[in-house]
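The values are calculated or read from the model by the stated rules, or taken from the named source; none is laboratory data. This is a predicted model, so every value here is computed, not measured. Glycine also receives a Cβ, built like all others from the backbone with ideal geometry; neighbour counts cover every protein chain displayed. Remember, those area values only see protein heavy atoms, side chains included, never the ligands or the DNA or RNA. Shrake-Rupley method; radii C 1.70, N 1.55, O 1.52, S 1.80 Å.
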Amino acid sequence: MALKNILLNFKKYTFLMTQMISRDFKVKYKRSVLGVLWSLLQPLLMMFVMALVFSQMFKFRMEGVNYLVYLMTGLVMFNYFSEASNNAMTSVVFNFQLMTKVYIPKYIFPLSKCLFVGINFLLSLIPLFLIVVITGAPISWNYLLLPYVFICMFLFTVGIGFVLSTISVFLRDMFYIYSILLTIWQYFTPIFYDISMLPMYLQKLFKFNPLYQYVTFARTILLDAKTPSAMTFLWCGLSAVIMFIIGCIVFKRKQDKFIYYA
Amino acid sequence: MAIIRLDSVSMRFNLGIEKDYSFKQAFINFFSFKKKKKKKKDEFWALKDISFKVEKGEVVGLIGSNGAGKSTLLKVVSGVMKPTKGKVEVNGVISPMIELGAGFDSELTARENIFLNGAVLGYSKSFIEEKFDEIVKFSELKDFLFFFIKNFSSGMTAKLAFSISTVVNPEVLIVDEILSVGDIKFQEKSKNKMLEMIKGGTTVLYVSHSIEAIRDLCTKVIWIEHGEMVMIGDAKKVCDKYYEKQMGKKFEDSKK
(Lines give C-alpha, C1' and ligand atoms only; values in the text may rest on other atoms or scores of the structure.)
Protein backbone atom coordinates (compact mmCIF):
# COMPACT_ATOMS: atom_id res chain seq x y z
CA MET A 1 0.00 0.00 0.00
CA ALA A 2 2.73 2.41 0.99
CA LEU A 3 4.75 1.42 -2.04
CA LYS A 4 1.74 1.90 -4.27
CA ASN A 5 1.28 5.40 -2.89
CA ILE A 6 4.90 6.23 -3.51
CA LEU A 7 4.66 5.01 -7.09
CA LEU A 8 1.42 6.90 -7.74
CA ASN A 9 2.98 10.04 -6.33
CA PHE A 10 6.05 9.47 -8.46
CA LYS A 11 3.92 9.13 -11.55
CA LYS A 12 2.08 12.32 -10.76
CA TYR A 13 5.32 14.26 -10.60
CA THR A 14 7.15 12.74 -13.57
CA PHE A 15 5.77 15.52 -15.74
CA LEU A 16 7.21 18.09 -13.36
CA MET A 17 10.54 16.33 -13.59
CA THR A 18 10.56 16.36 -17.38
CA GLN A 19 9.68 20.04 -17.25
CA MET A 20 12.51 20.79 -14.85
CA ILE A 21 14.98 18.81 -16.93
CA SER A 22 13.96 20.55 -20.15
CA ARG A 23 14.17 23.88 -18.33
CA ASP A 24 17.72 23.06 -17.27
CA PHE A 25 18.61 22.27 -20.86
CA LYS A 26 17.11 25.45 -22.24
CA VAL A 27 18.79 27.62 -19.65
CA LYS A 28 22.13 25.85 -19.94
CA TYR A 29 22.57 26.38 -23.65
CA LYS A 30 20.78 29.67 -23.94
CA ARG A 31 22.58 32.20 -26.11
CA SER A 32 25.37 29.79 -27.01
CA VAL A 33 25.94 29.41 -30.72
CA LEU A 34 26.75 25.71 -30.68
CA GLY A 35 24.14 24.85 -28.06
CA VAL A 36 23.74 21.17 -27.32
CA LEU A 37 26.76 20.44 -29.51
CA TRP A 38 28.81 21.47 -26.50
CA SER A 39 27.68 18.34 -24.71
CA LEU A 40 29.50 16.41 -27.42
CA LEU A 41 32.46 18.72 -27.90
CA GLN A 42 33.34 19.40 -24.30
CA PRO A 43 34.33 15.85 -23.28
CA LEU A 44 36.19 15.41 -26.53
CA LEU A 45 38.22 18.57 -26.07
CA MET A 46 38.89 17.81 -22.42
CA MET A 47 40.20 14.41 -23.37
CA PHE A 48 42.54 15.88 -25.98
CA VAL A 49 43.90 18.41 -23.53
CA MET A 50 44.58 15.78 -20.91
CA ALA A 51 46.00 13.33 -23.42
CA LEU A 52 48.38 15.99 -24.71
CA VAL A 53 49.47 17.04 -21.24
CA PHE A 54 50.18 13.54 -20.05
CA SER A 55 51.68 12.01 -23.16
CA GLN A 56 53.67 15.03 -24.36
CA MET A 57 54.56 17.05 -21.28
CA PHE A 58 54.92 14.26 -18.73
CA LYS A 59 55.93 11.57 -21.22
CA PHE A 60 53.39 9.28 -19.64
CA ARG A 61 53.13 5.86 -21.30
CA MET A 62 50.83 2.92 -20.79
CA GLU A 63 52.18 0.10 -22.90
CA GLY A 64 49.70 -1.78 -25.02
CA VAL A 65 46.73 0.31 -23.95
CA ASN A 66 44.50 2.41 -26.15
CA TYR A 67 45.16 5.48 -24.06
CA LEU A 68 42.57 7.76 -25.67
CA VAL A 69 39.74 5.35 -24.97
CA TYR A 70 41.16 4.58 -21.54
CA LEU A 71 41.30 8.24 -20.61
CA MET A 72 37.99 9.22 -22.11
CA THR A 73 36.06 6.41 -20.41
CA GLY A 74 37.35 7.51 -17.02
CA LEU A 75 36.79 11.17 -17.76
CA VAL A 76 33.26 10.87 -19.02
CA MET A 77 32.17 8.64 -16.16
CA PHE A 78 33.82 10.62 -13.41
CA ASN A 79 32.52 13.85 -14.88
CA TYR A 80 29.01 12.50 -14.68
CA PHE A 81 29.45 11.63 -11.05
CA SER A 82 31.06 14.90 -10.05
CA GLU A 83 28.65 17.14 -11.93
CA ALA A 84 25.50 15.25 -10.98
CA SER A 85 26.36 14.89 -7.30
CA ASN A 86 27.35 18.55 -7.11
CA ASN A 87 24.15 19.75 -8.78
CA ALA A 88 22.07 17.43 -6.65
CA MET A 89 23.74 18.77 -3.52
CA THR A 90 22.89 22.39 -4.27
CA SER A 91 19.46 21.68 -5.74
CA VAL A 92 17.56 21.59 -2.46
CA VAL A 93 19.07 24.78 -1.07
CA PHE A 94 18.67 26.62 -4.37
CA ASN A 95 14.99 25.69 -4.54
CA PHE A 96 14.04 26.81 -1.05
CA GLN A 97 12.10 29.68 -2.60
CA LEU A 98 9.84 27.23 -4.34
CA MET A 99 9.61 24.79 -1.46
CA THR A 100 8.16 27.38 0.88
CA LYS A 101 5.39 28.21 -1.56
CA VAL A 102 3.99 24.99 -2.94
CA TYR A 103 4.05 21.41 -1.87
CA ILE A 104 6.39 19.40 -4.07
CA PRO A 105 8.00 16.15 -2.98
CA LYS A 106 11.51 17.32 -2.18
CA TYR A 107 13.36 14.35 -3.65
CA ILE A 108 12.35 15.67 -7.07
CA PHE A 109 15.11 18.28 -6.96
CA PRO A 110 18.20 16.09 -6.53
CA LEU A 111 16.71 13.35 -8.68
CA SER A 112 15.92 15.63 -11.60
CA LYS A 113 19.47 17.02 -11.47
CA CYS A 114 20.96 13.53 -11.63
CA LEU A 115 18.72 12.76 -14.60
CA PHE A 116 19.54 16.02 -16.35
CA VAL A 117 23.28 15.44 -16.07
CA GLY A 118 22.54 11.83 -17.05
CA ILE A 119 21.18 12.95 -20.40
CA ASN A 120 24.33 14.96 -20.90
CA PHE A 121 26.29 11.85 -20.03
CA LEU A 122 24.45 9.81 -22.64
CA LEU A 123 25.26 12.49 -25.19
CA SER A 124 28.91 12.35 -24.26
CA LEU A 125 28.90 8.65 -25.09
CA ILE A 126 28.66 9.65 -28.74
CA PRO A 127 32.15 11.20 -28.88
CA LEU A 128 33.42 8.31 -26.76
CA PHE A 129 32.23 5.78 -29.33
CA LEU A 130 33.60 7.97 -32.05
CA ILE A 131 37.04 7.65 -30.46
CA VAL A 132 36.49 3.90 -30.06
CA VAL A 133 35.77 3.55 -33.76
CA ILE A 134 38.57 5.86 -34.90
CA THR A 135 41.24 4.21 -32.74
CA GLY A 136 40.02 0.78 -33.77
CA ALA A 137 39.15 -0.53 -30.32
CA PRO A 138 37.30 -3.86 -30.43
CA ILE A 139 33.52 -3.81 -30.42
CA SER A 140 31.76 -6.84 -28.96
CA TRP A 141 28.49 -8.15 -27.64
CA ASN A 142 29.70 -7.17 -24.19
CA TYR A 143 28.56 -3.67 -25.05
CA LEU A 144 25.11 -4.81 -24.02
CA LEU A 145 26.41 -4.95 -20.43
CA LEU A 146 27.25 -1.26 -20.38
CA PRO A 147 23.75 -0.11 -19.35
CA TYR A 148 24.15 -2.20 -16.20
CA VAL A 149 27.16 -0.24 -15.00
CA PHE A 150 25.60 3.06 -16.04
CA ILE A 151 22.53 2.31 -13.97
CA CYS A 152 24.75 1.35 -11.04
CA MET A 153 26.62 4.61 -11.35
CA PHE A 154 23.34 6.52 -11.56
CA LEU A 155 21.92 4.90 -8.42
CA PHE A 156 25.15 5.50 -6.55
CA THR A 157 25.17 9.15 -7.59
CA VAL A 158 21.53 9.65 -6.59
CA GLY A 159 22.28 8.13 -3.19
CA ILE A 160 25.28 10.43 -2.69
CA GLY A 161 23.21 13.36 -3.96
CA PHE A 162 20.48 12.68 -1.41
CA VAL A 163 22.96 12.55 1.44
CA LEU A 164 24.85 15.66 0.33
CA SER A 165 21.73 17.73 -0.26
CA THR A 166 20.46 16.80 3.19
CA ILE A 167 23.71 17.70 4.91
CA SER A 168 24.06 20.97 3.03
CA VAL A 169 20.65 22.14 4.22
CA PHE A 170 21.90 22.08 7.80
CA LEU A 171 25.51 22.87 7.06
CA ARG A 172 26.14 25.11 4.07
CA ASP A 173 29.86 24.58 4.53
CA MET A 174 29.27 21.32 2.73
CA PHE A 175 29.36 23.16 -0.60
CA TYR A 176 32.98 24.03 -0.02
CA ILE A 177 33.95 20.84 1.73
CA TYR A 178 32.57 18.75 -1.08
CA SER A 179 34.48 20.59 -3.78
CA ILE A 180 37.66 19.60 -1.96
CA LEU A 181 36.44 16.05 -1.44
CA LEU A 182 35.65 15.79 -5.14
CA THR A 183 39.18 16.82 -6.07
CA ILE A 184 40.59 14.18 -3.74
CA TRP A 185 38.15 11.61 -5.08
CA GLN A 186 39.16 12.46 -8.63
CA TYR A 187 42.82 11.73 -7.96
CA PHE A 188 41.91 8.57 -6.09
CA THR A 189 40.03 7.31 -9.11
CA PRO A 190 42.42 6.11 -11.81
CA ILE A 191 41.24 8.29 -14.66
CA PHE A 192 44.51 9.04 -16.42
CA TYR A 193 46.80 6.50 -14.72
CA ASP A 194 46.64 2.80 -14.02
CA ILE A 195 46.18 1.35 -10.58
CA SER A 196 49.06 -1.10 -11.08
CA MET A 197 51.50 1.83 -10.80
CA LEU A 198 50.63 2.17 -7.13
CA PRO A 199 51.99 0.26 -4.15
CA MET A 200 50.13 -2.92 -3.34
CA TYR A 201 48.40 -1.66 -0.17
CA LEU A 202 47.01 1.36 -2.02
CA GLN A 203 45.78 -0.86 -4.83
CA LYS A 204 43.76 -2.88 -2.34
CA LEU A 205 42.36 0.25 -0.79
CA PHE A 206 41.42 1.75 -4.14
CA LYS A 207 39.28 -1.21 -5.01
CA PHE A 208 36.80 -0.11 -2.37
CA ASN A 209 36.13 3.01 -4.38
CA PRO A 210 32.87 2.28 -6.20
CA LEU A 211 33.80 4.68 -8.97
CA TYR A 212 36.93 2.67 -9.61
CA GLN A 213 34.76 -0.41 -9.97
CA TYR A 214 32.38 1.31 -12.40
CA VAL A 215 35.19 2.70 -14.55
CA THR A 216 36.98 -0.64 -14.56
CA PHE A 217 33.80 -2.40 -15.58
CA ALA A 218 33.37 -0.10 -18.56
CA ARG A 219 37.05 -0.28 -19.52
CA THR A 220 37.08 -4.08 -19.48
CA ILE A 221 34.34 -3.95 -22.09
CA LEU A 222 35.56 -1.02 -24.17
CA LEU A 223 39.27 -1.82 -24.22
CA ASP A 224 39.54 -5.58 -23.89
CA ALA A 225 36.15 -6.65 -25.24
CA LYS A 226 35.91 -8.97 -22.22
CA THR A 227 33.10 -9.71 -19.83
CA PRO A 228 33.82 -8.15 -16.43
CA SER A 229 34.44 -10.59 -13.59
CA ALA A 230 31.63 -11.76 -11.36
CA MET A 231 33.24 -9.94 -8.46
CA THR A 232 33.13 -6.63 -10.34
CA PHE A 233 29.50 -7.25 -11.23
CA LEU A 234 28.67 -7.88 -7.62
CA TRP A 235 30.67 -4.94 -6.32
CA CYS A 236 29.06 -2.51 -8.74
CA GLY A 237 25.53 -3.61 -7.98
CA LEU A 238 26.02 -3.84 -4.26
CA SER A 239 27.70 -0.47 -3.79
CA ALA A 240 25.04 1.21 -5.92
CA VAL A 241 22.07 -0.31 -4.14
CA ILE A 242 23.52 0.23 -0.66
CA MET A 243 24.37 3.88 -1.34
CA PHE A 244 20.97 4.46 -2.91
CA ILE A 245 19.15 3.02 0.08
CA ILE A 246 21.27 5.01 2.55
CA GLY A 247 20.53 8.16 0.58
CA CYS A 248 16.80 7.51 0.56
CA ILE A 249 16.69 6.83 4.29
CA VAL A 250 18.71 9.92 5.22
CA PHE A 251 16.69 12.15 2.93
CA LYS A 252 13.32 10.83 4.03
CA ARG A 253 14.17 11.17 7.70
CA LYS A 254 15.26 14.77 7.48
CA GLN A 255 13.14 16.25 4.70
CA ASP A 256 10.42 17.65 6.94
CA LYS A 257 13.00 19.73 8.76
CA PHE A 258 14.38 21.34 5.59
CA ILE A 259 11.90 24.16 5.59
CA TYR A 260 13.08 25.56 8.93
CA TYR A 261 16.51 26.12 7.51
CA ALA A 262 15.34 27.95 4.40
CA MET B 1 -17.00 14.66 6.80
CA ALA B 2 -15.21 17.95 7.20
CA ILE B 3 -13.07 18.79 4.20
CA ILE B 4 -10.38 20.47 6.33
CA ARG B 5 -9.75 19.55 9.96
CA LEU B 6 -7.08 20.95 12.21
CA ASP B 7 -6.59 19.28 15.55
CA SER B 8 -4.68 21.39 18.10
CA VAL B 9 -2.04 22.38 15.59
CA SER B 10 1.07 24.13 16.87
CA MET B 11 4.00 25.34 14.88
CA ARG B 12 7.39 26.22 16.29
CA PHE B 13 10.18 28.10 14.58
CA ASN B 14 13.71 28.30 15.86
CA LEU B 15 14.77 31.85 15.32
CA GLY B 16 18.23 31.00 16.61
CA ILE B 17 19.01 28.68 13.73
CA GLU B 18 20.69 31.33 11.60
CA LYS B 19 23.02 32.41 14.35
CA ASP B 20 23.99 28.96 15.51
CA TYR B 21 25.28 28.09 12.13
CA SER B 22 28.30 30.26 12.04
CA PHE B 23 31.39 28.46 13.19
CA LYS B 24 32.19 31.19 15.70
CA GLN B 25 28.79 30.96 17.31
CA ALA B 26 28.90 27.19 17.40
CA PHE B 27 32.25 27.45 19.15
CA ILE B 28 30.97 29.96 21.69
CA ASN B 29 27.83 27.95 22.28
CA PHE B 30 29.87 24.87 22.88
CA PHE B 31 31.66 26.44 25.81
CA SER B 32 28.74 28.46 27.07
CA PHE B 33 26.76 27.37 30.11
CA LYS B 34 23.83 29.54 29.20
CA LYS B 35 23.17 27.47 26.13
CA LYS B 36 19.89 25.96 27.27
CA LYS B 37 18.41 29.20 28.41
CA LYS B 38 19.26 30.82 25.11
CA LYS B 39 17.56 28.12 23.11
CA LYS B 40 14.24 28.66 24.86
CA LYS B 41 14.36 32.34 24.11
CA ASP B 42 14.92 31.75 20.43
CA GLU B 43 11.87 29.61 20.08
CA PHE B 44 8.92 31.18 18.44
CA TRP B 45 5.49 29.65 18.32
CA ALA B 46 3.86 30.86 15.13
CA LEU B 47 0.73 28.83 15.84
CA LYS B 48 -0.52 27.71 19.22
CA ASP B 49 -3.09 25.01 19.62
CA ILE B 50 -5.30 25.85 16.65
CA SER B 51 -8.32 23.64 16.06
CA PHE B 52 -11.15 24.13 13.61
CA LYS B 53 -13.18 22.38 10.99
CA VAL B 54 -14.19 23.56 7.55
CA GLU B 55 -17.15 21.95 5.82
CA LYS B 56 -17.45 21.57 2.08
CA GLY B 57 -18.49 24.75 0.31
CA GLU B 58 -17.65 27.08 3.15
CA VAL B 59 -15.69 30.22 2.45
CA VAL B 60 -13.48 30.85 5.42
CA GLY B 61 -11.64 34.12 5.94
CA LEU B 62 -8.52 34.49 8.04
CA ILE B 63 -7.84 37.84 9.66
CA GLY B 64 -5.25 39.17 12.08
CA SER B 65 -2.37 41.62 12.28
CA ASN B 66 0.83 41.19 10.31
CA GLY B 67 2.80 38.30 11.70
CA ALA B 68 -0.18 36.80 13.48
CA GLY B 69 0.36 33.46 11.79
CA LYS B 70 -2.13 33.56 8.94
CA SER B 71 0.26 32.61 6.18
CA THR B 72 1.85 29.95 8.35
CA LEU B 73 -1.59 28.47 8.87
CA LEU B 74 -2.18 28.38 5.12
CA LYS B 75 1.17 26.69 4.63
CA VAL B 76 0.33 24.07 7.20
CA VAL B 77 -3.01 23.36 5.54
CA SER B 78 -1.49 23.18 2.06
CA GLY B 79 1.17 20.73 3.22
CA VAL B 80 4.18 22.95 2.60
CA MET B 81 4.96 22.72 6.31
CA LYS B 82 4.34 19.94 8.73
CA PRO B 83 3.04 21.11 12.11
CA THR B 84 5.28 20.65 15.14
CA LYS B 85 2.33 19.32 17.10
CA GLY B 86 -1.21 18.34 16.22
CA LYS B 87 -2.83 16.95 13.12
CA VAL B 88 -3.97 18.35 9.81
CA GLU B 89 -6.47 16.52 7.68
CA VAL B 90 -7.49 17.58 4.20
CA ASN B 91 -9.93 15.47 2.23
CA GLY B 92 -9.69 16.82 -1.26
CA VAL B 93 -7.54 18.34 -3.97
CA ILE B 94 -5.95 21.59 -2.87
CA SER B 95 -4.93 24.43 -5.11
CA PRO B 96 -2.55 26.57 -3.12
CA MET B 97 -2.29 30.15 -4.26
CA ILE B 98 -0.13 31.26 -1.40
CA GLU B 99 2.22 33.06 -3.64
CA LEU B 100 1.60 33.35 -7.33
CA GLY B 101 4.08 32.25 -9.93
CA ALA B 102 5.95 29.85 -7.70
CA GLY B 103 8.61 28.30 -9.85
CA PHE B 104 8.46 30.78 -12.70
CA ASP B 105 11.77 30.86 -14.46
CA SER B 106 12.53 34.33 -15.76
CA GLU B 107 14.83 32.89 -18.41
CA LEU B 108 11.96 31.07 -20.09
CA THR B 109 9.15 32.36 -22.27
CA ALA B 110 5.59 32.81 -21.05
CA ARG B 111 4.56 29.73 -22.98
CA GLU B 112 7.26 27.58 -21.42
CA ASN B 113 6.42 28.96 -18.00
CA ILE B 114 2.79 27.95 -18.34
CA PHE B 115 3.94 24.36 -18.63
CA LEU B 116 6.59 24.62 -15.92
CA ASN B 117 4.35 26.38 -13.42
CA GLY B 118 1.46 24.07 -14.24
CA ALA B 119 3.70 21.10 -13.49
CA VAL B 120 4.80 22.71 -10.23
CA LEU B 121 1.14 23.00 -9.26
CA GLY B 122 0.73 19.31 -9.98
CA TYR B 123 -1.15 19.49 -13.28
CA SER B 124 -0.66 16.76 -15.85
CA LYS B 125 0.67 17.41 -19.32
CA SER B 126 -2.61 16.62 -21.04
CA PHE B 127 -4.48 18.89 -18.65
CA ILE B 128 -2.25 21.86 -19.43
CA GLU B 129 -2.45 21.22 -23.16
CA GLU B 130 -6.21 21.08 -22.92
CA LYS B 131 -6.48 24.25 -20.85
CA PHE B 132 -3.70 26.15 -22.57
CA ASP B 133 -5.94 28.41 -24.64
CA GLU B 134 -8.14 29.14 -21.67
CA ILE B 135 -5.13 30.20 -19.60
CA VAL B 136 -3.81 32.43 -22.38
CA LYS B 137 -7.20 33.97 -22.98
CA PHE B 138 -7.81 34.73 -19.33
CA SER B 139 -4.34 36.23 -18.86
CA GLU B 140 -4.84 38.60 -21.83
CA LEU B 141 -1.24 37.93 -22.83
CA LYS B 142 -1.76 36.29 -26.20
CA ASP B 143 0.67 38.62 -27.96
CA PHE B 144 3.40 38.04 -25.40
CA LEU B 145 3.49 34.25 -25.36
CA PHE B 146 6.98 34.02 -26.81
CA PHE B 147 8.46 36.78 -24.70
CA PHE B 148 10.75 36.00 -21.79
CA ILE B 149 9.19 36.46 -18.40
CA LYS B 150 12.13 38.62 -17.33
CA ASN B 151 10.90 41.25 -19.76
CA PHE B 152 7.40 41.21 -18.30
CA SER B 153 6.09 43.87 -15.97
CA SER B 154 5.17 42.62 -12.51
CA GLY B 155 1.49 43.08 -13.34
CA MET B 156 1.80 40.93 -16.44
CA THR B 157 3.62 38.21 -14.53
CA ALA B 158 0.95 38.23 -11.85
CA LYS B 159 -1.81 38.00 -14.42
CA LEU B 160 -0.20 35.01 -16.03
CA ALA B 161 0.34 33.36 -12.66
CA PHE B 162 -3.24 33.97 -11.58
CA SER B 163 -4.56 32.50 -14.80
CA ILE B 164 -2.52 29.34 -14.40
CA SER B 165 -3.48 28.86 -10.77
CA THR B 166 -7.21 29.29 -11.28
CA VAL B 167 -7.67 27.17 -14.36
CA VAL B 168 -8.30 24.12 -12.17
CA ASN B 169 -11.48 23.44 -10.31
CA PRO B 170 -10.01 22.45 -7.00
CA GLU B 171 -11.96 21.18 -4.04
CA VAL B 172 -10.06 23.48 -1.75
CA LEU B 173 -8.74 26.83 -2.85
CA ILE B 174 -6.20 28.59 -0.68
CA VAL B 175 -5.83 32.26 -1.39
CA ASP B 176 -3.37 34.61 0.23
CA GLU B 177 -4.08 38.22 -0.63
CA ILE B 178 -3.84 37.92 -4.35
CA LEU B 179 -7.04 39.38 -5.64
CA SER B 180 -5.42 42.76 -5.99
CA VAL B 181 -3.45 41.59 -8.99
CA GLY B 182 -3.13 43.49 -12.25
CA ASP B 183 -5.08 46.51 -13.49
CA ILE B 184 -8.65 47.42 -12.55
CA LYS B 185 -10.15 45.38 -15.32
CA PHE B 186 -8.20 42.30 -14.37
CA GLN B 187 -8.97 42.75 -10.68
CA GLU B 188 -12.66 42.69 -11.48
CA LYS B 189 -12.18 39.66 -13.66
CA SER B 190 -10.22 37.76 -11.05
CA LYS B 191 -12.77 38.54 -8.36
CA ASN B 192 -15.53 37.22 -10.60
CA LYS B 193 -13.52 34.12 -11.29
CA MET B 194 -13.24 33.44 -7.60
CA LEU B 195 -16.95 34.06 -7.04
CA GLU B 196 -17.64 31.63 -9.82
CA MET B 197 -15.50 29.02 -8.11
CA ILE B 198 -17.26 29.61 -4.81
CA LYS B 199 -20.63 29.16 -6.48
CA GLY B 200 -19.35 25.94 -7.98
CA GLY B 201 -18.95 24.55 -4.48
CA THR B 202 -15.24 25.09 -3.95
CA THR B 203 -14.17 25.40 -0.35
CA VAL B 204 -12.07 28.49 0.11
CA LEU B 205 -9.54 29.53 2.71
CA TYR B 206 -8.93 33.21 2.22
CA VAL B 207 -6.45 35.61 3.79
CA SER B 208 -6.86 39.31 3.29
CA HIS B 209 -6.36 42.60 5.05
CA SER B 210 -9.36 44.02 3.27
CA ILE B 211 -12.13 43.65 5.83
CA GLU B 212 -14.67 44.57 3.20
CA ALA B 213 -13.60 41.77 0.89
CA ILE B 214 -13.72 39.31 3.76
CA ARG B 215 -17.18 40.47 4.84
CA ASP B 216 -18.46 40.21 1.29
CA LEU B 217 -17.05 36.83 0.39
CA CYS B 218 -16.81 34.75 3.52
CA THR B 219 -19.34 32.69 5.38
CA LYS B 220 -17.10 32.17 8.37
CA VAL B 221 -14.12 34.04 9.73
CA ILE B 222 -11.23 33.02 11.93
CA TRP B 223 -9.35 35.73 13.79
CA ILE B 224 -5.78 34.93 14.79
CA GLU B 225 -3.49 37.00 16.95
CA HIS B 226 0.03 35.98 18.07
CA GLY B 227 -0.58 32.49 16.78
CA GLU B 228 -3.66 31.97 18.87
CA MET B 229 -7.25 31.82 17.76
CA VAL B 230 -9.11 34.79 19.20
CA MET B 231 -12.48 34.23 17.65
CA ILE B 232 -14.24 32.05 15.13
CA GLY B 233 -17.73 32.37 13.76
CA ASP B 234 -20.06 34.42 11.63
CA ALA B 235 -18.15 36.64 9.20
CA LYS B 236 -19.90 39.88 10.05
CA LYS B 237 -19.65 39.44 13.79
CA VAL B 238 -15.96 38.53 13.85
CA CYS B 239 -15.03 41.24 11.37
CA ASP B 240 -16.80 43.90 13.41
CA LYS B 241 -15.13 42.80 16.61
CA TYR B 242 -11.75 42.74 14.87
CA TYR B 243 -12.22 46.16 13.35
CA GLU B 244 -13.31 47.64 16.65
CA LYS B 245 -10.29 46.19 18.45
CA GLN B 246 -7.83 47.34 15.81
CA MET B 247 -9.18 50.77 14.97
CA GLY B 248 -11.00 51.67 18.15
CA LYS B 249 -14.21 52.40 16.28
CA LYS B 250 -17.06 50.49 14.74
CA PHE B 251 -16.85 49.28 11.13
CA GLU B 252 -20.17 50.92 10.22
CA ASP B 253 -18.92 54.24 11.53
CA SER B 254 -15.98 54.22 9.20
CA LYS B 255 -18.27 54.26 6.20
CA LYS B 256 -20.11 57.38 7.20
Residues of region A:217-262 that bury at least 30 Å² of accessible area, probe 1.4 Å, when all protein chains are present rather than the chain alone, are A:256, A:259, A:260, A:261
Over the protein assembly as shown, with the other protein chains present, what is the accessible area per residue in square angstrom, probe 1.4 angstrom? 51
Given R₀ = 51 Å, FRET efficiency for residue A:249-residue B:187 by Cβ-Cβ distance, to 0.05? 0.55
Please report the accessible area of residue B:133 (heavy atoms, 1.4 Å probe, ligands and nucleic acids excluded) in Å², nearest 10. 110
Roughly what angle does helix A:174-188 make with the longest principal axis of chain A, taking Cα atoms, 0 to 90 degrees, to the nearest 10? 20
What number, rounded to the nearest 500 deg cm²/dmol, is the helix-based mean residue ellipticity at 222 nm of chain A, given -39500 (n - 2.57) per DSSP H run of at least four residues and division by all its residues? -25000 deg cm²/dmol
Given q = 0.10, 0.13, 0.22 Å⁻¹, what are the Debye log10 I(q)/I(0) values for region B:105-205, with equal point scatterers placed on the Cα positions and solvent ignored? -0.26, -0.44, -1.26
What is the antiparallel percent of DSSP beta bridges lying wholly in region B:113-256, to the nearest 5? 55
Amide H to amide H under 5 Å from residue B:148: which residues, 5+ apart in sequence or cross-chain, H placed 1.01 Å off N in plane? none
When Rg is the radius of gyration of the Cα atoms in chain B and Rh is its Kirkwood radius, what does Rg/Rh come to? 1.03
Amide H neighbours of residue B:218 under 5 Å, counting only residues 5+ apart in sequence or on other chains, H built in-plane at 1.01 Å? none
In the structure displayed, which of B:191/B:220; B:87/B:237; B:82/B:236; A:106/B:125 lie more than 23 Å apart, Cα to Cα? B:87/B:237; B:82/B:236
Treating only the Cβ atoms of Lys and Arg (+1) and Asp and Glu (-1) as charged, compute the dipole magnitude of region B:95-168 about its Cα centre; round to the nearest 20 debye. 60
Compactness ratio of region A:31-113: Cα Rg over 2.2 N^0.38 Å, N = residue count? 1.58
May I ask you to evaluate 6.51 cos²θ - 1.76 cosθ + 1.60, the Karplus curve with θ = phi - 60°, for each residue of region A:25-42 and list the ³J(HN,Hα) values in order in whole Hz, giving x for glycine and proline? 5, 4, 5, 5, 9, 4, 6, 9, 5, 7, x, 4, 3, 4, 4, 8, 6, 4
May I ask you to derive the relative contact order of chain B, considering only C-alpha pairs under 8 Å and at least 6 residues apart, and to give it as an integer percent? 25
Quick one: buried accessible area between B and A, total over both chains, 1.4 angstrom probe, nearest 100 Å²? 2500
Looking at the protein assembly as shown, what % of the alpha carbon pairs are farther apart than 33 Å? 52
Taking C-beta distances below 4.7 angstrom as the pairing criterion, name the unpartnered cysteines of chain A, in sequence order. A:114, A:248
Label residue A:183 and residue B:10 with points 7 Å out from Cα along Cα→Cβ: what is the distance between them in nm? 4.8
Express in whole angstrom the spacing between the alpha-carbon centres of region B:176-237 and region A:116-173. 51
Applying 1/(1 + (r/R0)^6) with R0 = 60 Å to the Cβ-Cβ distance of residue B:240 and residue A:48, what FRET efficiency is obtained, to the nearest 0.05? 0.15
For the protein assembly as shown, what is the charge dipole size about the Cα centre, in debye to the nearest 20, if Lys and Arg each add +1 at the Cβ and Asp and Glu each add -1 at the Cβ? 1380
Could you check what % of the DSSP bridge pairs in chain B are antiparallel, to the nearest 5? 55
Residue A:8-residue A:60 FRET efficiency (beta carbon distance; Förster radius 45 Å; 0.05 resolution): 0.25
With the charge dipole of chain B built from beta-carbon charges (+1 for Lys and Arg, -1 for Asp and Glu) about the Cα centre, the Cα from B:113, B:63, B:83 projecting farthest to the positive end belongs to B:83
Under 5 Å between amide hydrogens, which residues at least 5 positions from residue A:209 or on another chain qualify, with H placed 1.01 Å from N in the peptide plane? none
Roughly how many percent of the accessible protein surface of chain A is carbon and sulfur, given a 1.4 Å probe and a whole-percent answer? 72
Tell me the label-point distance for the pair residue A:28, residue B:130, using the 7 Å Cα-to-Cβ offset, in nm and rounded to one decimal. 3.3
